[in-house]
Amino acid sequence: FFTLCVFIFIKKESDFWIYSLLQSAGYIGAGLVGQYLLIKKYKLKFIFLPYKIIVNTIKTNSSIFINQFVPTLYNNTSTFLLGILGTAQLVGIYQAILTIVNLIVTLIEILSRVFFPFLNRKKDAFQWYKNMMLITISVLIIGVLAFNKVIFWYLNVNYDNAFWILLILAIGLFGYTLYNIFGLNYFIVHRQDKLVMKNTLFASVLGFILAYPLIHFYSVLGAAINLSLARCVMGGGLYYKFFRTKK
């Protein structure tokens, strides 16, 4: 619904505010529908939880929270620094190409979360799931690179290094997929949350530290390199740990 509304209502530059409105409305609408289903279909009721249960839940699930939150260190820092060290045009180009890449990121996240409860019940299906995800991301990366001219035409991107930015960000998709395969749907399924947390912290801090020098010397290409490097380190680190446990 959100995607359709973007194409229907946003017609010119001055309509930029509608994007934020639709995005907020989408989250609020999904939240209200979710609450309605919980109350109407599943007969759940709101209750006040005791303080001790809240504190205990936060403590026991802090590693999951860190895994979800800390990657914003390298995700947002690259764009922020590019805006300071580069130009508005470069930020626009980077964000436009990143939007296409993040569509695939969203698809990978959806697949990972869909299979998470299934793999909790049937851990022996992990090998099948891993192969399916690797084939899926390979096809998506090849497809995006093969149709790069169509993508740049649609985004109205005329920049000499646009393909290289897309290629670098596409490589990062592979690392991000490895993170979802081995992090969310293997180590977390096997209750090794802290191992994933340490790996995520290392990759995120590395991306945060390298953001300034990479963007300072390589501009928009540096921003793409930093994001993909952090994702590859995050995914590659978990693959290495998986490989060691199976050795």
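The values are calculated or read from the model by the stated rules, or taken from the named source; none is laboratory data. Given the structure is predicted, the values throughout are model-derived calculations rather than measurements. For neighbour counting, all protein chains shown are included, and Cβ atoms are generated from backbone atoms with ideal geometry for every residue, glycine included. All accessible areas refer to the heavy atoms of the entire protein, side chains included, with ligands and DNA or RNA removed. Shrake-Rupley method; radii C 1.70, N 1.55, O 1.52, S 1.80 Å.
Whenever a residue of region 1-30 is under 20 Å from Gly92 (Cα atoms), its partners that are surrounded by fewer than 10 Cβ atoms within 10 Å (Cβ to Cβ), lying with C-beta atoms within less than 8 angstrom and at least six residues away or across chains, give the pairs Ile10/Phe16. Note on region 197-217: among residues that are touching a residue at least 60 places away in the same chain (Cβ under 8 Å) and of a type in the set (S, T, N, Q), the one that is surrounded by the fewest Cβ atoms within 10 Å (Cβ to Cβ) is Ser204. The set of residues in region 90-135 being polar (S, T, N, Q) and more than 17 Å from Tyr154 (Cα to Cα) consists of Thr106, Ser112, Asn120, Gln127, Asn131.
The set of residues from region 160-173 being crowded, with 18+ Cβ neighbours inside 10 Å and of a type outside the set (A, V, I, L, M) comprises just one member, Gly172.
If you check Ile97, Ile151, Ile93 for being aliphatic (A, V, I, L, M), surrounded by 14 or more Cβ atoms within 10 Å (Cβ to Cβ), within 17 Å of the chain's Cα centre (by Cα) and more than 30 Å from Ile64 (Cβ to Cβ), only one passes: Ile97. Assess whether Phe116 counts as being closer than 18 Å to Asn226 by Cα, open to solvent by 50 Å² or more (accessible area, probe 1.4 Å) and assigned to a helix (DSSP H, G or I). Spelling it out, it is not the case that Phe116 is closer than 18 Å to Asn226 by Cα, open to solvent by 50 Å² or more (accessible area, probe 1.4 Å) and assigned to a helix (DSSP H, G or I). Residues that are surrounded by 12 or more Cβ atoms within 10 Å (Cβ to Cβ) and of a type outside the set (Lys, Arg): which helices (runs of 4 or more DSSP H) entirely in region 1-65 hold 3 or more of them? Qualifying helices (runs of 4 or more DSSP H): 2-9, 16-40.
So, of the residues in region 100-113 that are among the β-branched types (Val, Ile, Thr) and open to solvent by less than 40 Å² (accessible area, probe 1.4 Å), which turns out to be farthest from Leu169 (Cα to Cα)?
Taking the candidates together, the pick is Ile108.
Return yes or no: is Tyr218 under 19 Å from Ala88 (Cα atoms) and among the hydroxyl-bearing types (Ser, Thr, Tyr)? So Tyr218 fits the description; yes. Within region 175-196, not a single residue is open to solvent by less than 30 Å² (accessible area, probe 1.4 Å) and farther than 30 Å from Thr60 by Cα.
Conditions (1) in contact with a helix residue (DSSP H, G or I) (Cβ under 9 Å, 6 or more places away or on another chain); (2) at pLDDT 90 or above; (3) within 13 Å of Asn180 (Cα to Cα), marked per residue:
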{"site": "Gln89", "(1), (2), (3)": "no, no, no"}
{"site": "Tyr94", "(1), (2), (3)": "yes, yes, no"}
{"site": "Leu98", "(1), (2), (3)": "yes, yes, no"}
{"site": "Ile110", "(1), (2), (3)": "no, yes, yes"}
{"site": "Leu119", "(1), (2), (3)": "yes, yes, yes"}
{"site": "Phe126", "(1), (2), (3)": "yes, yes, yes"}
{"site": "Tyr129", "(1), (2), (3)": "yes, yes, yes"}
{"site": "Leu134", "(1), (2), (3)": "yes, yes, yes"}
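Of all the criteria given as (1) within 12 Å of the chain's Cα centre (by Cα); (2) within 20 Å of Arg191 (Cα to Cα); (3) in contact (Cβ under 8 Å) with a residue 12 or more places away in the chain, the one not satisfied by Leu107 is (2).
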